[in-house]
Amino acid sequence: MLEILYQDEWLVAVNKPAGWLVHRSWLDRKEKVVVMQTVRDQIGQHVFTVHRLDRPTSGVLLMGLSSEVGRLLSQQFEQHQIEKTYHALTRGWLQDEALLDYPLVEELDKVADKFASADRLPQPAVTHYRGLARVEMPIAVGRYDSARYSLVELKPKTGRKHQLRRHLVHLRHPIIGDTNHGDLKQNRAAAEHWGCNRLMLHASKLALTHPVTGEPLCITAGLDGVWQTMMTHFGWQQLLPDLPRVEITPSAGQDIVLP
């Protein structure tokens with residue numbers, strides 16, 4: 001069963017595990033277990049996707065319980081009205097806090113986009129990043145006798161494909177476990193020393209306006225076992241406390257009307 005972070009009569013949010021597809025895809029026809037069908041069976045009603053998380057990313061995944069609510073939530077994502085907060089474990093010491101405005105050329109899938117034009121212009125891509133903690137570990141990686149890591153908070157202002165991964169690579173701080181854009185030597189070291197065989201990117205929080213009640217809604221997702229192990233090894237256990245799953249501020253006397 002998936003961890004349900006929030007549910008009411010209009011929407012549901014779950015803590016998506018790393019390695020799970022959000023929905024069935026012809027790109028991976030053999031995959032039988034996906035989030036949408038699992039949530040549908042778990043709560044006994046249909047769900048409607050409003051955004052997506054990449055397969056290796058864990059964290060808050062929001063779904064509507066009707067097509068109309070799904071449409072309203074999708075509009076909030078498309079109009080950048082939802083604040084998304086991620087955390088990542090990266091290579092090297094990232095100490096800054098800044099707004100990175102670095103356009104990205106759309107990445108094309110070899111199968112799904114094989115007929116698409118490869119001659120595309122860069123698209124605007126903006127991410128706010130903040131280094132939270134740094135550590136140096138006494139393990140040899142490549143030609144170095146030790147390895148440096150950072151815990152980074154990320155708030156994407158746009159939603160380009162693999163935006164956070166690619167922006168961190170641009171900063172020369174690739175995410176640990178990123179097999180497409182990252183540092184393969186660092187990935188192997190993390191797997192060998194700490195059993196970390198996944199992308200260390202977690203969707204920690206969504207802050208939005210409830211599409212029906214109009215109330216502010218903040219949904220947070222706790223860290224999985226791999227994350228907790230890494231945080232313990234690095235001495236960062238207290239940096240990301242297990243916050244209440246949901247914070248909602250009711251409006252006194254407000255009538256609730258279905259869209």
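Every number here is computed from the coordinates shown, using simple stated rules; none is lab data. This is a predicted model, so every value here is computed, not measured. Note that we place each Cβ from the backbone using ideal geometry, even for glycine, and neighbour counts take in every protein chain shown.
Mind ranking 139-146, 211-218 by how tightly packed they are, going by the mean number of other C-beta atoms within 10 angstrom, highest first?
Values: 139-146: 11.1, 211-218: 17.1.
Top to bottom by mean Cβ count within 10 Å: 211-218, 139-146.
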Computed ³J(HN,Hα) along the stretch 195-203: with the Karplus parameters 6.51/-1.76/1.60, θ = phi - 60°, integer Hz and x for glycine or proline, the list is x, 8, 10, 9, 5, 8, 10, 10, 7
Taking H as built 1.01 Å from N, whose amide H comes closer than 5 Å to the amide H of Q123, not counting residues under 5 places away?
L104, V105, E106
Links exceeding 22 Å between C-alpha atoms in this model, out of K16/K161; K16/K84; K161/K185; K161/K205, come to K161/K185
Note, ³J(HN,Hα) from phi for the stretch 72-81, Karplus 6.51, -1.76, 1.60, rounded to Hz, x at Gly and Pro
5, 5, 4, 4, 4, 5, 5, 8, 6, 9
Cut-off under 5 Å, modelled amide H: who pairs with L5 long-range:
A13, V14, N15
